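Below: the structure, in structure tokens.
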Amino acid sequence: MLETQDLTVRFGGHVAVDAVSCRFEAGSLTAIVGPNGAGKTTFFNLISGQIRTTSGRVSLKGQDITAWGVAQRARAGLGRAFQLTNLFPHLSVLENVRLAVQARREGRHRRGLSFFTIWSDHRGVTDEAMQILRDVAMHEQAADWVANLPHGDQRKLEVALMMALDPQVYMFDEPTAGMSADEAPVILDLIQRLKSRAEHVILLVEHKMDVVRALADRIIVLHNGALVADGLPEDVMASDVVRDAYLGRKGQVA
């Protein structure tokens, strides 16, 4: 479904991602871990098109998308959630999701359309948006302004927008960042439910190893921009190279 081949980016003399090659199959959730500054978010940015590669390739369903921009990659099936929410704060919860549903429907037939140029009040679009809000337990907040939502609900809404766009690849960059202990399980449950749909690839950058243990089918570890481990969670967590890279010392990964 998704593949990187020798993916590399340099900022001046610094190599932030160093020739990373990985394949991601449908029906799997891969956690990307490593110490701060390891290149995890930069790797995500290269896949989703936020930054351009210095060398290497990104392929989606066998097609080279390395030269494509963010919008073109999104239309092709890449969905991205950020460490900080990426919403329309001055619209309602329902309007946010309805725009995403409409964008997906229209995008399948025409190109070059923005969320706002394709806005409509079509009943079918509204019904689908409301169903997605029920799926994320936000239907009772449909009329609320996004700017007034607490942080945890904004993160839930961002997942709802990705679901509305129905991507083939879901990319979550620290989805529970800034969330309370009460809020985080809701997001993790949503990701678990997405994982049950075998047609999707899910990529997860996460520092919390209990979250990784609960969700991941596979773990890849980045250190100084390079791929240092790739495998089943129990094997990767037991690896000496991972203990050294992740903790900077010998010991058990927390």
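The values are calculated or read from the model by the stated rules, or taken from the named source; none is laboratory data. Everything quoted here is computed from the prediction, not taken from an experiment. Cβ placement follows ideal geometry from the backbone for every residue including glycine, while neighbour counts extend to all protein chains displayed. Calculation scope for accessible area: heavy atoms of the full protein, side chains included, ligands and nucleic acids excluded. Shrake-Rupley method; radii C 1.70, N 1.55, O 1.52, S 1.80 Å.
Numbers below:
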| quantity | calculated |
| --- | --- |
| About the Cα centre, charge dipole magnitude for the stretch 15-99 (Lys/Arg +1, Asp/Glu -1 at Cβ), debye | 140 debye |
| Antiparallel DSSP beta bridges within the chain, percent to nearest 5 | 55 percent |
| Normalised per residue, the volume of the convex hull around the Cα set of the chain (Å³) | 129 Å³ |
| CD proxy at 222 nm, helix term only [per DSSP H run n ≥ 4: -39500 (n - 2.57); per residue of the chain; nearest 500] | -10500 deg cm²/dmol |
| Under 5 Å, built H, 5+ apart or other chain: amide partners of Arg80 | Met171 |
| Apportionment of accessible area to carbon and sulfur, the chain, percent (1.4 Å) | 50 percent |
| Relative contact order %, the chain, counting alpha carbon pairs below 8 Å whose residues are six or more apart | 28 percent |
| The chain - accessible surface per residue (Å², probe 1.4 Å) | 46 Å² |
| J(HN,Hα) series, the stretch 66-75, from Karplus relation 6.51 cos²θ - 1.76 cosθ + 1.60, nearest Hz, glycine and proline x | 4, 8, 7, x, 4, 5, 5, 5, 5, 5 |
| Selected from Ala147, Asn45, Met171, residue furthest toward positive end of dipole (the chain; charges at beta carbon) | Asn45 |
| Amide H contacts under 5 Å for Ile51, placed H, 5+ residues apart | Leu46 |
| Debye, to nearest 20: dipole size of the chain, +1 on Lys, Arg Cβ, -1 on Asp, Glu Cβ | 700 debye |
